[in-house]
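Everything on this sheet refers to the single structure shown next.
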Amino acid sequence: MPQVKGIPLDKLVPYLDAELCLADFAEDESANGLQVEGRPTVRKIGLAVDACEDVFRKAAEKEIDFLFVHHGLIWGGLKTIRGVMRKRIKTLLDTDISLYACHLPLDWHPKHGNNIRLLEVLSLKKMGEFGTYHGKKISYWGRTFKELSLDAFAARIDKVLDTRSSAISFGKNVRNVGVVSGGGWFAINEAERYGIDTFLTGEPSHSAYTLAEEMKVNLVFSGHYATETPGVKAVGEVLQKRFGLEVEFIDHPTGL
Ligand SMILES: [Zn+2]
């Protein structure tokens, strides 16, 4: 059998911390970085959007040593380890899998981030920064190659992200699109400033409706999960290229 090469966990973790600029996001609620320490050598890397039991089980079946997620287990400090949290942590410890989380830095990241990758996969030309969160612009607005109908734009998103968008038209065709992955409805407030005609985020928000209606900005909600897969997959590509290890995306779609 050929020798499976691996890299030390204590080499991979600082590499990711630096590459993803974790130090610039101290205010994030997510405890970004290595959350649960597993075996000291990493031969296979798994990537997923959410840290949950099903993903952990699949990771164990696939003999993954190191699991990278966008939504980790520890948010704002760990209070107790009981119930679901106990089971999740027990599964990780029993299987010796490391869990690494990267939340806000992964939305923001200018090369591997969810938002920049969303622009790329949707063929939007990056025009400028967009979406202020915790005092930082975490995303971009972009322009379509040519004007298209909202239905055509939503169909493009659904095809590329394998999702079912809910699109609400307030009369305009699509050209200038503000994008914020996940639960980014707050950024609708910036739409007028950048001349945006269409606002795309993951989760539907009731609060965004009347704002969008009065600004005459179309709304597209394409799913929190679906809009946060591109960055996670991008990190997989980076790690594959950098370390030559096997990487696998573990799909656990919520449809939300
Ligand atoms: Zn999210």
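Every read-out reported here was derived from the displayed coordinates using simple, explicitly stated rules and does not represent laboratory data. Since the structure is predicted, the reported quantities are computational estimates derived from the model, not experimental observations. Please note: Cβ atoms are built from the backbone with ideal geometry, for glycine as well, and neighbour counts cover all protein chains shown.
A Cα-only calculation for segment 143-235 places Rg and Dmax at 12.2, 38 Å. Ranked from largest, the principal axis spans of the Cα set of the chain equal 59, 41, 31 Å. To test your reading of the geometry: what angle, between 0 and 90 degrees and rounded to tens, separates the Cα axis of helix 229-243 from the longest principal axis of the chain? That works out to roughly 40 degrees. A Förster radius of 45 Å combined with the Cβ-Cβ distance from residue 81 to residue 147 puts the calculated FRET efficiency at roughly 0.25. How far, in degrees from 0 to 90, does helix 84-95 lean away from the longest principal axis of the Cα atoms of the chain, to the nearest 10? Its long axis makes an angle of about 50 degrees.
Where q = 0.10 Å⁻¹, what log10 of I(q)/I(0) comes from the Debye formula for segment 1-122, counting one point per Cα? One equal scatterer on each Cα of segment 1-122 leads to -0.32.
Want the number for residue 61 to residue 39: 0.36 nm per residue separation, take away the alpha-carbon distance, what's left?
Numbers: separation 22, 0.36 × 22 = 7.92 nm, distance 1.57 nm.
Length gained, residue 61 through residue 39: 6.4 nm.
Relative to the longest principal Cα axis of the chain, at what angle does helix 9-19 sit, 0 to 90 degrees, rounded to 10? It is inclined by approximately 20 degrees.
Computed FRET efficiency, Cβ-Cβ of residue 210 and residue 53, R0 41 Å: what is it to the nearest 0.05? Present the calculation step by step, with values, prior to reporting the outcome.
Working: r = 38 Å, r/R0 = 0.94.
Working from the Cβ atoms, E equals 0.60.
As a calculated quantity, the FRET efficiency between residue 11 and residue 251 at R0 = 25 Å, using C-beta atoms, amounts to about 0.35. Label zone of residue 93 (point 7 Å out along Cα→Cβ, amide N under 14 Å): in segment 31-64 this covers 36-39.
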